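The values are calculated or read from the model by the stated rules, or taken from the named source; none is laboratory data. Computed from a predicted model, the values in this text were never measured in an experiment. Cβ atoms come from the backbone with ideal geometry, glycine included; neighbour counts cover every protein chain shown. Side chains included, ligands, DNA and RNA excluded: accessible areas come from the protein's heavy atoms. Shrake-Rupley method; radii C 1.70, N 1.55, O 1.52, S 1.80 Å.
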Amino acid sequence: MKTGSCTMRKRILIAFIMLCVVFAALFGRLFYLQIVDGKMLRSRAAEQWYRDLPLKASRGKILDRGGSVLAGNSDVFTLYARPNAVKDKENVAAEIASALELDAESVLKKLESSVGEVTIKRKIDAETAYALREKNIGGLYYTLDTERNYPLGSTSSQILGFTNIDNVGQSGLESYYDKYLTGIDGYAYTTTDMAGREVEGGVTRYVPSIPGCDVTLSVDMNIQSFAQSAVETAATEFSARSASMVVMDVNTGGIVAMAKSPSFDLNDPPRNDLDLLNELSRNTMIVDMYEPGSTFKIFTTAAAIEAGVVSDNDSFYCAGSRTVDGQRIRCWRSIGHGSQHLAEGVKNSCNCVFMDLALRLGTDRFYSALDNFGLGKKTGVDFAGESSGMLMNKSNVKTVDLARIGFGQAVAVTPLQLIAGVSSIVNGGTLYKPYLVQKVSSYDGMTIAERAPEVVRRTVSEATSARMREYLLGVVQSGGGSKAGVDGYAIGGKTGTAQKYVNGGIAQGKYVSSFIGFAPANDPKYAVLMIVDEPQGYMYYGSLVAAPYAGRVFKSIFEYEGIEPTLAVDKQYVLMPDVIGKSIADAAAELEAAGLNVECIGEGEVIAQTPIAGTRIAVSDTVLIRSSE
């Protein structure tokens with residue numbers, strides 16, 4: 001009996017222990033499901049009992065400084081289908097294919113899918129979407145989306161950039177400021193049964209989307225249009241590889257316009273040709289560098305004045321060349337400029353004068369000045385891919401290299417570096433950090449961030465700046481920059497003509513023609529840089545190719561902003577002499593005696609002149625003579 005009783009107790013104990021183990025296991029499992037896996041399981045349950053459709057957030061707008069839309073949005077729709085809720089799939093596929101110009105078999109494959117929702121088509125225009133929706137086809141759902149649109153088309157394409165089909169920025173400011181422009185998507189949750197069909201009388205819950213921020217630029221839409229028209233016309237007239245222009249507010253560093261030709265319509269970018277798209281969307285004014293030629297002489301002059309190595313009374317002699325380190329370096333005018341003071345040297349753009357100034361400065365002082373102007377390093381503009389330009393390593397600079405740098409050879413800059421540095425020289429001596437975006441605002445108009453002009457450093461004194469403005473005013477009033485002049489207005493500036501290099505050697509017949517100017521000259525507000533890359537034919541001088549278009553833009557700006565003229569208009573005219581058959585030297589002397597500025601090609605007998613003999617032309621205008629040699 002005792003043995004049987006003991007056995008029974010053991011069995012009961014074992015059973016109890018087993019029950020405890022089972023209950024412990026069940027409790028542990030419940031704890032795991034409720035606490036550890038609870039969030040995941042609730043999410044799975046929601047996926048089974050609810051279907052969600054995205055509510056796409058509207059992308060923030062890009063505005064010009066006056067609030068005009070440069071990049072906005074238009075309403076489009078995305079069509080989704082829940083295959084389990086679609087009856088008579090073949091007929092529905094045919095209806096959809098007909099309305100949306102799709103392949104019926106491809107649509108049918110999507111409708112036969114076992115996936116909860118399938119995307120039939122995106123970016124459907126509103127009219128088409130509404131027409132299809134009126135057919136009340138079960139199992140089809142529509143969500144509002146947006147498509148990027150650009151009111152100015154090809155204007156500003158290199159600045160703004162573009163987005164992909166998902167409205168994600170791919171280039172330009174669309175890419176650089178994507179995190180601000182992108183909104184937060186919302187969702188619509190609808191109750192469904194186990195098969196994914198919408199439950200009659202079910203509840204739909206909405207989580208609204210939040211639009212992206214609006215971005216306001218320093219760009220002025222109207223001035224941008226002036227610049228775009230100028231570069232397109234110049235590129236066409238001279239069959240150039242490209243033409244570009246930058247307009248900057250000299251007192252803030254704000255980029256007011258930045259235009260390039262060739263360009264492309266942002267509403268229809270050539271996505272099927274990526275090489276072409278990358279080439280056309282490349283903002284060469286920021287990401288590429290070039291040899292500036294004579295526009296660089298502004299830096300050399302300002303550095304020499306600031307260092308005290310030259311005065312107004314210093315005399316320079318140009319016989320057509322200088323010999324430095326045993327190498328003969330030609331002036332652009334092979335017959336020479338003769339004796340001249342500094343102001344005349346600037347007006348004549350005499351290479352010999354600027355070689356002398358660079359050599360007086362010496363490598364250390366000259367390089368220190370160039371560094372101060374911001375050359376050889378990035379400006380820090382709010383744009384991806386900026387180049388730093390290129391200066392020779394100072395330790396490798398020979399005397400002959402220093403002489404060449406003095407007149408804009410053996411050095412490379414970006415257009416943005418050039419205009420920012422020159423702006424500092426003419427605005428009183430303050431270098432500003434260039435920028436494109438002025439303000440970022442939330443969708444409801446609240447300012448999130450606003451930029452104040454950022455001073456980088458002082459480059460020259462007020463006195464040096466005043467002298468430079470006076471010299472550069474003379475270049476436009478009575479020098480090579482005359483074609484940039486506008487009657488009644490004081491404009492200062494400098495032309496440039498640089499030969500291009502290919503594989504380390506001079507590329508014959510390939511030039512970069514440029515002009516940089518500022519106005520009003522006594523109290524500058526805007527600087528304009530015009531560049532024409534590889535103009536065709538003999539009209540390749542910056543004075544003839546680039547300066548006139550800068551003048552047109554200045555004239556348009558004066559009219560647009562209501563800037564009144566300050567100078568009396570007292571133009572004198574002469575008839576263009578006939579100099580065909582004369583030597584370049586004699587022809588140049590005759591034309592200069594008539595009060596004209598002369599660009600010369602060759603050293604022999606004149607075989608062509610522009611304009612033709614007998615043309616009525618303003619005194620101080622620039623003409624071209626060309627010889628056979």
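Could you give the length gained by full extension between HIS341 and LYS377, i.e. 0.36 nm per residue of separation minus their alpha carbon distance, to one decimal place? Provide the component values of the computation, followed by the final result.
Numbers: separation 36, 0.36 × 36 = 12.96 nm, distance 3.30 nm.
Residue separation times 0.36 nm, minus the Cα-Cα distance, leaves 9.7 nm.
How much mean residue ellipticity at 222 nm does the chain get from its helices, if each DSSP H run of length 4 or more adds -39500 (n - 2.57) and you divide by all residues, to the nearest 500 deg cm²/dmol?
Computed mean residue ellipticity for the chain: -10500 deg cm²/dmol.
Counting only protein heavy atoms, what percent of the accessible surface of the chain is carbon or sulfur at a 1.4 Å probe? Walk me through the numbers on the way to the answer.
Values: 14870 of 29050 Å².
Ligands and nucleic acids excluded, carbon and sulfur reach 51 percent.
How large is ³J(HN,Hα), in whole Hz, for each residue of segment 243-249 in order, when computed from phi with the Karplus curve 6.51 cos²θ - 1.76 cosθ + 1.60 and θ = phi - 60°, using x for Gly and Pro?
9, 9, 8, 10, 10, 10, 6
Given a Förster distance of 45 Å, report the FRET efficiency between GLU605 and GLU564 from their Cβ-Cβ distance, rounded to the nearest 0.05.
Numbers: r = 48 Å, r/R0 = 1.06.
Computed FRET efficiency for GLU605 and GLU564 comes out at 0.40.
Which of (i) 268; (ii) 154; (iii) 215 is the computed volume of the Cα convex hull per residue in Å³ for the structure on display?
(i)
Would you work out the charge dipole size for segment 252-357 about its Cα centre, treating the Cβ of every Lys and Arg as +1 and the Cβ of every Asp and Glu as -1, and quote it to the nearest 20 debye?
On the way: 9 positive and 13 negative charges, 75 e Å.
I would put it at about 360 debye.
Efficiency by 1/(1 + (r/R0)^6): what FRET value for ASN272 and GLU454, r their Cβ-Cβ distance, R0 = 60 Å, to the nearest 0.05?
Taking R0 as 60 Å, the efficiency between ASN272 and GLU454 is 0.90.
Kindly work out what percent of the DSSP beta bridges joining two residues of the chain are antiparallel, to the nearest 5.
Details: 90 of 98 bridges.
In the chain, DSSP labels about 90 percent of beta bridges as antiparallel.
What whole-number distance in Å separates the alpha-carbon centres of segment 526-596 and segment 300-348?
Each part's Cα centre sits 22 Å from the other's.
Using the heavy atoms of the protein chains and a 1.4 angstrom probe, tell me the accessible area per residue for the chain in square angstrom. Before the final figure, lay out each step's value.
Numbers: 29050 Å² over 629 residues.
Value for the chain: 46 Å² per residue.
Out of the trypsin sites (Lys or Arg not before Pro) in segment 69-110, which ones are loop residues according to DSSP with at most 10 other C-beta atoms within 10 Å? Walk me through the numbers before you get to the answer.
Numbers: sites: LYS87, LYS89, LYS109, LYS110; in loops: LYS87.
Answer in residue order: LYS87.
Label 7 Å along Cα→Cβ of ALA104; segment 61-92 residues with amide nitrogen under 11 Å?
Flagged as within label range: 90-92.
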